[in-house]
Amino acid sequence: MADPVLSIEGVSKSFGALAACSDVSLTLKPGEIHALIGPNGAGKSTLMKLIAGELKPDAGRVTLDGENIDPLGPVQRARMGMARTFQISSLVPEFTVLQNVQLAQMQHHGGPLSFLRRIASNSPLREAALNALERTDLQDRADVLVSEVSHGERRQLEVALALSRKPKVLLMDEPMAGMGPDGTARLTKLIDSLRKEVPVLLVEHDMDAVFALADRLTVLVYGRVLTTGSVEDVRNAKQVQQAYLGVDA
Amino acid sequence: MTAALSREATINCVIVALLAATVLFAVVADEPFTITLATRVAIFAIAGIGLNLALGHGGLVSLGHAAFFGIGGYAMGILASHAQTFEPLVLFGLTIEGTKSMPVIWLVAMVASALAALLIGALSLRTSGIYFIMITLAFAQMVYYFAISWPAYGGEDGLSIYVRNSFPGLNTLDPIQFFGLCAVILAVVIWLADRLVRSPFGFALEAARQNPNRVMASGLSPYQIRLIVFVISGAITGLAGALYADLNRFVSPNMFSWQLSGEFIIFIILGGTARLFGPLAGAALFVTLEHFLGGLTEFWQFWLGLMLLAIILFARGGLIGLLAGERRHG
């Protein structure tokens, strides 16, 4: 079995008396889509923030590529190849779609510490950025301001930005949120095609999408891991049906 | 988009032409005081452009930029006073000769204010919004009170420099020559600010102003980007401070006053936030109002206040925004 790219071991985080995550462990292996599901308030978003470095865990450790990344903040983790899409689109509104991609790729193209050179708008960099947009069918919208594109296009751009960074790990926090059926279908197809490129940790409420995409599932309830396993295992697990799927056992 | 841009460029040319015409008129009519006013405009514009990089482009509302202006002023005052008395300055066991050479003074002023900006920025940038405004104000007030209570360089009374410092090949005591010098520096600063804003750094800075989370997700540190622009901003404002001290041949703790920090912000609001020539337009308007309205009524600041209110309510882009229309990125 291949070594996991990302592994979370015994991670806990409390906010006052509320234990948002207690002793959570999970792994993300190369080539897999690992879905994280659970009812509202189960601690999924907290766990994502702990992995991304936005929050510091009270206990436990997170390793990326075998390296302990606990001391690192979100910027350094992003630099190491951790990419994420946000639950609520987080883009630069007064930039064009293409400029958002250029920002995402800036770290790989010389970084921001260049003060007198004019930023390239017509160059190989533009090509690279356009290529990244093609994946999500946004190339025709490249020069439109983000504040003027639709919600669905913003969700697609979130994914394009994450992919354009050539990440080692992709954290997706409810990528389907607010998408219509067409958009959901398109995004499901796109995420499905990512598997070979980058392992994905997916938090999603749309169960059809989850069951279509996930290689493995982890069910989180009240901040604890209820079970981890294949889609079939989890579907059949009685306690999951009780706790989450709302089926009487 | 290009139409709006070239319109802004036209307005910028008009502003420069107006300033040049004023100075030309003053030379012909032999009114040195008008030249002094124009020099004030140029120097205030430099300070404003420095602040505009942090405030307009970085979204960092600093109410403490007088600290850097004053440090630049005192760099000039201290160096020139030692040259004046022929007493070397002893600092940490090092003996430093005073100097009357402007380029050396400018360099020292910029390095000193950049270091101060690094220190103040490193601490202040951990906060944001109203806290950032208050903490930058607090730092500037600290320096202000320090200057008042430091007797070695005049304390509350300030420090007079009898002869303006020298620049190779120029007679800096001639108002028009000193104005020319300041105008050239202003042009260089405008050019630098323009390059900076259009550079990859300016791009990242703009992104950090709009959405720091996205910048972080891109593996870039908003804190680092902001600290760098704060230091550049402080250094430019410090340079303006050294020039201002030379214009007046006098430095005093008033150069650190929070009113002055506020005036820098007013230049930007009047002229247009994040507009290249905004601070120049704002400073020109401010100095003109101060001179003419101030000659008519003691309460000129009341009218200035009304004007600011009108701009904030009806013309967020300031004078240049009003004339040139919406600004577009890219």
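The values are calculated or read from the model by the stated rules, or taken from the named source; none is laboratory data. All of these numbers come straight from a predicted model, not from anything done at the bench. Virtual Cβ from ideal backbone geometry, glycine too; neighbours counted across all protein chains shown.
Just a few scattered comments:
- Residue list for the stretch B:75-109, filter: touching a strand residue (DSSP E or B) at 6+ places or on another chain (Cβ under 9 Å), more than 13 Å from B:Y162 (Cα to Cα) and not in a helix (DSSP H, G or I): B:P88, B:L89, B:V90, B:T95, B:I96, B:E97, B:G98, B:S101
- Among the residues of the stretch B:27-61, those that are in contact (Cβ under 8 Å) with a residue 40 or more places away in the chain and over 27 Å from B:S261 (Cα atoms) comprise B:V27, B:P32.
- Residue match in the stretch A:45-52 (condition: within 11 Å of chain B (Cβ to nearest Cβ) and modelled with pLDDT of 90 or more): yes
- Only residues that are at pLDDT below 95 and closer than 30 Å to B:L115 by Cβ were counted in the stretch B:23-55, giving 0.
- Restricting B:I133, B:I190, B:I185, B:I161 to residues that are within 16 Å of B:I78 (Cα to Cα) and either touching a Gly at 6+ places or on another chain (Cβ under 6 Å) or among the β-branched types (V, I, T) (or both) narrows the list to B:I161.
- Those residues of the stretch A:127-153 which are in contact with a helix residue (DSSP H, G or I) (Cβ under 7 Å, 6 or more places away or on another chain), within 13 Å of chain B (Cβ to nearest Cβ), surrounded by 13 or more Cβ atoms within 10 Å (Cβ to Cβ) and farther than 17 Å from B:V215 by Cβ, in sequence order: A:A132, A:A142, A:V144
- Cβ-Cβ under 9 Å pairs, at least 6 apart or on other chains, the stretch B:176-205 side over 26 Å from B:S218 (Cα atoms), far side part of a helix (DSSP H, G or I) and among the aromatic types (F, W, Y): B:I185/B:W106
- Within the stretch B:162-252, helices (runs of 4 or more DSSP H) holding 1 or more residues that are farther than 30 Å from A:R77 by Cβ and within 14 Å of chain A (Cβ to nearest Cβ): B:175-198, B:222-248
- Among the conditions (1) closer than 11 Å to A:V97 by Cβ; (2) touching a Ser or Thr at 6+ places or on another chain (Cβ under 6 Å); (3) assigned to a loop (DSSP other than H, G, I, E, B), A:T136 misses just one, which is (2).
- When A:K13 is tested against the conditions (1) more than 14 Å from chain B (Cβ to nearest Cβ); (2) within 25 Å of A:F211 (Cα to Cα); (3) of a type in the set (D, E, K, R), the lone failure is (2).
- Those residues of the stretch A:97-117 which are crowded, with 22+ Cβ neighbours inside 10 Å and facing chain B (nearest Cβ under 7 Å), in sequence order: A:Q99, A:L103, A:A104, A:M106, A:P112
- Whether a residue is surrounded by fewer than 18 Cβ atoms within 10 Å (Cβ to Cβ) and closer than 16 Å to A:E9 by Cα was assessed, and A:P71 passes this test.
- Single unsatisfied condition, A:E94 versus (1) within 14 Å of chain B (Cβ to nearest Cβ); (2) in a loop (DSSP other than H, G, I, E, B); (3) without any contact (Cβ under 8 Å) to a residue 12 or more places away in the chain: (3)
- Index of the failed condition, A:Q76 passing every other in (1) buried (at least 17 other Cβ atoms within 10 Å of the Cβ); (2) assigned to a helix (DSSP H, G or I): (1)
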